[in-house]
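Worksheet: the structure to be examined is printed underneath.
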Amino acid sequence: MSRIAATFTQLQAQGRKALIPFVTAGFPYPDVTPELMHAMVAGGADVIELGVPFSDPSADGPVIQKAGDKALAAGIGLVQVLAMVRAFRQTNNTTPVVLMGYANPVERYSQKHRRADAKAGTSAFVQDAAAAGVDGVLVVDYPPEECEEFAAELKANQMDLIFLLAPTSTDERMQQVARIASGYVYYVSLKGVTGSGALDTDAVEAMLPRIRQHVSVPVGVGFGIRDAATARAISRVADAVVIGSRIIQLIDALPRERVASTAQTFLREIRTALDS
């Protein structure tokens, strides 16, 4: 059982919902991420999504795009992101970490870091991500019908491949995702990019039973969750609440010494709302 699956099993046994914060690796300071990850766990995070900066994101709104641009300008790439996960794992071996990003950095990494000693069928990215302590990967532009081998490679190394579903997802697409998804699926509650629009909790509530007809893994909901009240409303129907753009906004432009504590305080408010 993967660390993600074990976490959801434990939460379900407790009657609790997962809190999954997203932050862009290397933002707002290139060296702050491991400290920020620990602070988010102290604030109540159950799983951490760590964004891999990329120059041409297709699903990220302006807030996360700006964070990614700043991290890229500071020299943060996949090599540095994996180093951040290793640093986090020095003192936390239980909280799952999911890398969220795009195909280009993943494929370029494997091309650049090929090694003769890799296990047969294991790419350099999967080998190094597993060694660093990564638990899951969400590649926004990997459609399920084109990455069955990648999913099997991850699973062989105790990692999960996580997929996005959207309000426009057809039953056929949900079935394709259900065949190979593990860990959880991430339901994008809005049409558009991250941080856009107002969340329609009634629409989410209507959609989740349809998703669960096809998908057996837990369902997390994100895009548009900005405060404790919205998080609590979503948690009534979802297995997990994902929050990203709001955290990025809160820590942007803060002095370095306030970044971790600000994120921790915000997540503690969300955690209290989810558990109430």
Are any residues in the range 156-172 in contact (Cβ under 8 Å) with a residue 12 or more places away in the chain and part of a helix (DSSP H, G or I), and if so, which ones?
-> Ala156, Asp171
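For Val126, indicate whether it is hydrophobic (A, V, I, L, M, F, W, C), in contact with an Asp or Glu (Cβ under 9 Å, 6 or more places away or on another chain) and not in a strand (DSSP E or B). So that I can check it myself, show each step before the final result.
Details: hydrophobic (A, V, I, L, M, F, W, C): yes; in contact with an Asp or Glu (Cβ under 9 Å, 6 or more places away or on another chain): yes; not in a strand (DSSP E or B): yes.
Here the answer is yes, as Val126 does meet what is asked.
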Which condition number does Val137 fail, the rest of (1) touching a Leu at 6+ places or on another chain (Cβ under 8 Å); (2) part of a loop (DSSP other than H, G, I, E, B); (3) within 17 Å of Thr7 (Cβ to Cβ) being met?
-> (2)
Look at Ala71 and say whether it is within 19 Å of Ile247 (Cα to Cα) and at pLDDT 95 or above.
-> yes
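Which one of Phe54, Phe27 is buried (at least 18 other Cβ atoms within 10 Å of the Cβ) and touching a residue at least 60 places away in the same chain (Cβ under 8 Å)? Talk me through it step by step, then tell me what you get.
Numbers: Phe54 fails: touching a residue at least 60 places away in the same chain (Cβ under 8 Å).
After applying the criteria, what remains is Phe27.
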All positions within the range 233-249 that are within 19 Å of the chain's Cα centre (by Cα), assigned to a helix (DSSP H, G or I) and either acidic (Asp, Glu) or crowded, with 17+ Cβ neighbours inside 10 Å (or both) | Ile234, Ser235, Ser245, Arg246, Ile247, Ile248
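The values are calculated or read from the model by the stated rules, or taken from the named source; none is laboratory data. Everything quoted here is computed from the prediction, not taken from an experiment. As a convention, Cβ positions derive from the backbone with ideal geometry for all residues, glycine included, and neighbour counts pool all protein chains shown.
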